[in-house]
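Take a look at the structure set out below.
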There are 2 protein chains.
Amino acid sequence: MTTYEVEQKFRIEDAAALEERLSSLGATPMVAIEQVDTYFAHPVRDFRETDEAFRLRRVGSQNFVTYKGPKIDATTKTRREIELPLPEGKDYAAEFRSLVEVLGFRVVADVSKVRRTTELNWEGGTIEVSLDDVADVGQYVELELVVPESEVASAKNRLASLASGLRLQLNERRSYLEILIGE
Amino acid sequence: MTTYEVEQKFRIEDAAALEERLSSLGATPMVAIEQVDTYFAHPVRDFRETDEAFRLRRVGSQNFVTYKGPKIDATTKTRREIELPLPEGKDYAAEFRSLVEVLGFRVVADVSKVRRTTELNWEGGTIEVSLDDVADVGQYVELELVVPESEVASAKNRLASLASGLRLQLNERRSYLEILIGE
């Protein structure tokens with residue numbers, strides 16, 4: 001099923017204060033996971049210009065392949081996303097990477113982060129909140145909803161409201177990859 | 001692991017006679033399976049010129065993604081092959097196809113066949129023999145060994161010897177896809 005990932009990302013100024021606010025709003029305990037995203041460049045399309053992304057994600061032993069379409073909204077990072085699970089294991093990830101490379105894609109960078117995720121009830125629905133410590137990039141928080149197309153507008157409003165409630169101000173539209181490679 | 005698929009394919013003149021010969025050589029009973037291969041064109045590379053193939057294979061509920069490199073031998077169809085399993089199911093296959101298409105690949109054709117496979121001992125090793133009834137293409141037999149690079153030469157010799165033993169003469173170098181689209 002094609003879904004839309006509606007999210008906003010903010011640079012964290014004061015991690016301790018943010019965690020306190022989340023806790024006071026009833027956020028569930030954080031679960032920390034390590035994620036490594038391998039981003040590919042397309043054989044001919046310039047993903048920086050088309051605002052797309054194609055990546056292999058490894059979360060522990062789990063693998064996923066993800067395509068993200070161009071952002072269709074200036075404030076939130078609403079975009080089409082296709083994320084599919086792949087068989088498990090580091091070996092499989094390496095073989096899938098070989099397959100992608102032999103088709104003419106090129107590895108641009110690995111983005112490695114520790115993500116601590118929690119869920120928060122806000123305005124009658126659940127929003128996923130992720131605190132990311134990204135190697136060579138910094139500390140960020142992402143607010144995210146994955147919704148069908150018909151619910152994109154209301155999802156955006158709920159994210160804006162939560163951001164305000166958490167006193168998040170340093171909105172960041174760039175991806176971690178873009179920040180990492182200095183764009 | 002990168003392996004080399006060494007194979008020869010022949011058009012079948014007389015299916016009954018061939019099956020009799022296989023049986024007299026001690027071939028194990030045939031197992032019939034239905035295979036549907038969806039072949040993709042690359043966004044910019046012309047796979048007909050580069051002699052490559054990229055496809056999604058569905059065998060019942062099982063899915064595989066396969067890349068085949070250029071043939072490196074004129075007689076056999078020896079080539080580099082990367083074949084990886086994917087999660088099961090028709091829905092997954094459809095989603096993976098969407099992912100491939102959004103990256104700029106285009107579906108060229110579906111090749112649909114009933115394949116009956118058996119194994120034969122020949123000159124001290126096992127050779128896979130597949131009788132294919134290919135929709136809109138015809139009846140063919142494939143002799144195949146998958147070997148590491150160091151064994152490619154001896155594998156070729158064994159296939160030629162078996163082809164001779166089975167009185168197969170109508171060697172066909174084209175893929176089913178090429179025959180189907182009339183090349």
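A few points about this structure:
- Net charge over other residues, Cβ less than 10 angstrom from the Cβ of B:Arg80 (K, R count +1; D, E count -1): -1
- Taking a sphere under 12 Å around the Cβ of B:Ser98 and counting the other residues whose Cβ falls inside, with K and R at +1 and D and E at -1, yields a net charge of -3.
- Tilt relative to chain A, helix A:152-165 - C-alpha long axis, 0 to 90 degrees, to 10: 60 degrees
- Each of the peptides B:3-10, A:165-172 was scored by the mean count of other Cβ atoms within 10 Å over its residues; in descending order, highest first, they stand as B:3-10, A:165-172.
- Using a Förster distance of 30 Å, the FRET efficiency for A:Val146-A:Ala16 (Cβ separation, nearest 0.05): 0.55
- In loop segments of segment A:15-91 as defined by DSSP, the GluC sites (Glu not before Pro) with at most 15 further C-beta atoms inside 10 Å of their C-beta are A:Glu88.
- Carbon + sulfur, % of accessible area of the protein assembly as shown - ligands and nucleic acids excluded, 1.4 Å: 46 percent
- Where segment B:1-122 is the region considered: accessible area per residue in Å², 1.4 Å probe: 47 Å²
- Between helix B:90-102 and chain B: long-axis angle, C-alpha atoms, 0 to 90°, nearest 10: 60 degrees
- For chain A, the longest principal axis of the C-alpha atoms and the axis of helix A:15-24 are separated by about 60°.
- A Förster radius of 35 Å, combined with the Cβ-Cβ distance separating B:Thr3 from A:Thr28, puts the computed FRET efficiency at roughly 0.15.
- Summing both sides, the accessible surface hidden between A and B at a 1.4 Å probe radius is close to 2100 Å².
- Exceeding the 28 Å Cα-Cα cut-off - candidates B:Lys90/B:Lys113; B:Lys9/B:Lys68; A:Lys113/B:Lys90; A:Lys90/B:Lys68; B:Lys68/B:Lys156: A:Lys113/B:Lys90
The values are calculated or read from the model by the stated rules, or taken from the named source; none is laboratory data. Because the structure is a prediction, the values reported are computed rather than measured. With ideal geometry, Cβ positions are generated from the backbone for all residues, glycine too; neighbour counts draw on all protein chains shown. Just the protein is used for accessible areas: all its heavy atoms, side chains included, with ligands, DNA and RNA removed. Shrake-Rupley method; radii C 1.70, N 1.55, O 1.52, S 1.80 Å.
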